[in-house]
Protein chains: 2
Amino acid sequence: MAPPSGSPLPPLSVDRASPVPLHSQLARQLERAVADGTLPPGTLLGNEIDLAGRLGLSRPTVRQALRTLVDKGLLVRRRGVGTQVVHSRVRRPLELSSLYDDLEAAGHRPGTRLLVDRLEPATGPVAAALGLPEGTEVHYLERLRTAHGAPVARLRNHLPAGLVDTAGLESTGLYRLLRAAGPALHTARQSIGARAAAPEEAALLDEEPGAPLLTMERTTFDTTGRAVEFGSHLYRAGRYSFEFQLMVRP
Amino acid sequence: MAPPSGSPLPPLSVDRASPVPLHSQLARQLERAVADGTLPPGTLLGNEIDLAGRLGLSRPTVRQALRTLVDKGLLVRRRGVGTQVVHSRVRRPLELSSLYDDLEAAGHRPGTRLLVDRLEPATGPVAAALGLPEGTEVHYLERLRTAHGAPVARLRNHLPAGLVDTAGLESTGLYRLLRAAGPALHTARQSIGARAAAPEEAALLDEEPGAPLLTMERTTFDTTGRAVEFGSHLYRAGRYSFEFQLMVRP
DNA sequence: CAGTGGTCTAGACCACACT
DNA sequence: GTGTGGTCTAGACCACTGT
């Protein structure tokens, strides 16, 4: 008896002339097929040998493609069973995103008011976060982020001087500038908490004093281990929450 | 001129008789060496061919070990340069943990008061989160978590009936029970926000009404895509914050 | 230029799941 | 037993980095 599946795969193909690695081509095609429903949740992919043969690839190459998708949480592999598309809906597993991009993706109309943009000496906590000697000149940014014109968050950032050009900052996110500026971002350490709004904070964010606010502190590092950004942000609790998905690594 | 490094590796060795895969043995040894400082940040590992030869392994096997460590954020590889230990301190990248384990690891003395433990019909939001028909009997837990005797959080959980045995729940975390109960956890979808404390909530948590509280909602799925837990939790803002590190996936 | 990781191949045997 | 993924090998060539 034929198993319920094994061949209903989308038309996969690889282009050996392309500069894109073969395993990467395969991974992207499968990822797209999962995303657009061509491969519904639970679909059993054909076994690796068949897949390799059908595409004219070797098994290790196919395995590399599958491994990256398993790591992304899109596929599940079980010995003796096969490789299936994961049942639960998969969203982005928690990326280092800027609030600006988040709002834009959610269909809100993000805006930015640049409140402060200057160099100043790093105080204790900032110097510690950035790993610089206290008193070093750092770039300080303070912004008010809005959506549909209403305030959403107050963003405070300290960066090593000269790292980014703040020209386009009113119409994009800081992270986009950082990625463009050069350093390969590697990790970020975040802390999310809550506290009551101080009077000036309340006024700026259009809340009552004492209203609950979400706080987020984040230090971002590049691959060489240097801190490229320290942020200390304040979000209106009713207008924003952190949503993310996390994967269980075995 | 000899480059600054290449051989100062800890005494690596693999045991071919062990049931533990070779790549996994190597990865663990390197991980431990990074963790305990034997391989300080920035250390340049010898090239893959040497490493393979020294251990009597093939290059793909060594590469598999290195890849898992790169994925974990411990190593950085650059073509033409080599493989280095990442400079910045690496912590756990955000795991699916129970508050109980977090508190215990932080040296606090976690305690639990089981407030509610019963079966009840799933209401709308709970049914939706768990993917069950409305009205299905589900297991409902309500707990007060303390540290050093002071309240830290109120935890509300809904689970499919019969999934866990709540016997040991006063002295351990729900996640430990879930992992032990069988289902292979796969992903969790979380949302972190803030709001003001309602009067009963304030009383339970030893706060003033209106005090800011952190909220966290989480639905956890197993590899088959079934929801195994829906939690709706409340944390005292002054006593708890979410700390985690996230990696930038290329 | 030399050295590095990145990619790819064509096999092999083993461990586990399901029938 | 049969079929699956898991592991492992011994090569090969390419692309990028830094001198």
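The values are calculated or read from the model by the stated rules, or taken from the named source; none is laboratory data. These numbers come from a predicted model, not from an experiment. In this analysis, Cβ positions are derived from the backbone assuming ideal geometry, glycine residues included, and neighbour counts consider all displayed protein chains. To get the accessible areas, we keep the full protein, side chains included, count just its heavy atoms, and leave off ligands, DNA and RNA. Shrake-Rupley method; radii C 1.70, N 1.55, O 1.52, S 1.80 Å.
Below are the figures for this structure:
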item: Max mean-square fluctuation residue, GNM over chain B, Cα-Cα springs under 10 Å, options B:26, B:119, B:132; result: B:26
item: Mean Kyte hydropathy of 1.6 or more with a Cα span along the axis of at least 15 Å, helices from DSSP in chain B; result: none
item: Euclidean distance of C-alpha centroids, the range B:68-132 and the range A:19-62, integer Å; result: 30
item: Selected from A:151, A:40, A:160 as most flexible by GNM, with chain A as the system and alpha-carbon contacts under 10 Å; result: A:40
item: Relative contact order computed over chain A (Cα-Cα under 8 Å; 6+ residues apart), in percent; result: 14
item: Dimensionless Rg over Rh [the protein assembly as shown; C-alpha; Kirkwood]; result: 0.98
item: Accessible area buried, both sides summed, chains B and A with 1.4 Å probe, Å²; result: 4000
item: Tail fraction, Cα-Cα pairs, chain B, threshold 21 Å, whole percent; result: 67
item: Net +/- balance of residues flanking residue B:191 in space, Cβ distance below 10 Å, scoring K and R +1, D and E -1; result: 0
item: Heavy atoms of residue A:235: accessible area, 1.4 Å probe, square angstrom to 10; result: 10
item: Förster-model FRET efficiency, 30 Å R0, residue B:71 and residue B:181, C-beta, rounded to 0.05; result: 0.60
item: Rg(Cα)/(2.2 N^0.38 Å) for the range A:148-250, N = residue count; result: 1.22
item: With every protein chain in place, the range A:99-236: carbon and sulfur % of accessible area (1.4 Å); result: 52
item: Accessible area in square angstrom per residue, the protein assembly as shown, 1.4 angstrom probe; result: 48
item: The range B:22-85 - Debye-derived log10 I(q)/I(0), Cα point model, q = 0.28 Å⁻¹; result: -1.43
